[in-house]
1. Can you give me the Cα centroid spacing of the range 87-155 and the range 18-65 in angstrom?
2. Based only on other Cβ atoms within 10 Å, what is the fewest-to-most ordering of VAL87, VAL33?
3. In which sequence would ILE15, ILE74 go, from the one with the fewest C-beta neighbours within 10 Å to the one with the most?
4. Which value in Å is the Kirkwood Rh of the range 12-98 over different Cα pairs?
5. Nearest 0.05, what FRET efficiency do ARG14 and ALA115 give at R0 = 22 Å with Cβ-Cβ as r?
6. Can you put HIS72, HIS127, HIS161 in order of Cβ neighbours within 10 angstrom, beginning with the fewest?
7. Quote the relative contact order of the chain in percent (integer), defining contacts as alpha-carbon pairs under 8 Å separated by 6+ residues.
8. In deg cm²/dmol and to the nearest 500, what is the mean residue ellipticity at 222 nm of the chain if only DSSP H runs of at least 4 residues count, each as -39500 (n - 2.57), divided by the residue total?
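Values in this text are rule-based calculations from the coordinates and carry no lab data. Here the structure is a predicted model, which is why all the values come from computation and not from measurement. Here the Cβ positions follow ideal geometry from the backbone for every residue, glycine too, while neighbour counts run over all protein chains shown.
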Amino acid sequence: MAGRTDTQAWPMTRIRTRDEADVSTCVEALRSVYQASGYPTNWPADPGRWLRPSRTLSAWVAATDDVAVAGHVILRQPPAGERSAEVSRLFVVPVARRQGVAFALLDTAMRSAAATDLDLILEVTDHLGAARALYELVGFRLVSTAQADWTKPDGRPVTLHRYAWSRGGTAA
Ligand SMILES: CC(C)(COP(=O)(O)OP(=O)(O)OC[C@H]1O[C@@H](n2cnc3c(N)ncnc32)[C@H](O)[C@@H]1OP(=O)(O)O)[C@@H](O)C(=O)NCCC(=O)NCCS
């Protein structure tokens, strides 16, 4: 589904549906991502809730041979009358990066969307260059760039890039 065929190059990555018992481990993983990469831009007051936002449609975690929760992603339901679910809360812990974990998570989300006749959208902040490279690799298309209606902890503005992916091959 994603834009390359060598997922078998990373046989150690296993993707499964997140369950409630995973959430505290996911919060620990998110903390390491925040410290290493500044994601999320603003550390949430309740990170467990932040990982389970409204309109959560599906949530997956990735395990490797070495890390029980190496990565995480969710899909959020489209707003009423729309056909694009949102990819959100994607992250991989620093020690498990560049092993195809995010690729495998996104591939799972894209296959799930296609199976339910949904397209995908997502937003990514300007400073997350690795994520932008990944989204473009798997077939997302940049559709707009705008200033967010929220700011960094120090009050500086945030630039958001919006990407789209269509199961039919042309982004909405
Ligand atoms: C972005 C992120 C999820 C990528 O996770 P990952 O598991 O390391 O990514 P993968 O190993 O699946 O990478 C697949 C491809 O994406 C691209 N990519 C990934 N990381 C990259 C980087 N640091 N620089 C350039 N390209 C990168 C590469 O093309 C890579 O393939 P390659 O390793 O064969 O060159 C991870 O770096 C992360 O958690 N970053 C902080 C949180 C974040 O940015 N989340 C996105 C929120 S919108």
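1. When both Cα centres are located, 14 Å separates them.
2. Numbers: VAL87 24, VAL33 19.
Listed from fewest to most nearby Cβ atoms, that is VAL33, VAL87.
3. On the way: ILE15 16, ILE74 22.
The order, fewest Cβ neighbours first, is ILE15, ILE74.
4. After inverting the mean inverse Cα-Cα distance, the result is 13.4 Å.
5. The formula returns an efficiency of 0.65 here.
6. Values: HIS72 26, HIS127 14, HIS161 19.
Going from least to most buried by this count: HIS127, HIS161, HIS72.
7. Working: 286 pairs, mean separation 35.6, N = 172.
Reported relative contact order: 21 percent.
8. Values: 4 runs with 43 residues, N = 172.
Estimated from H runs of four or more residues: -7500 deg cm²/dmol.
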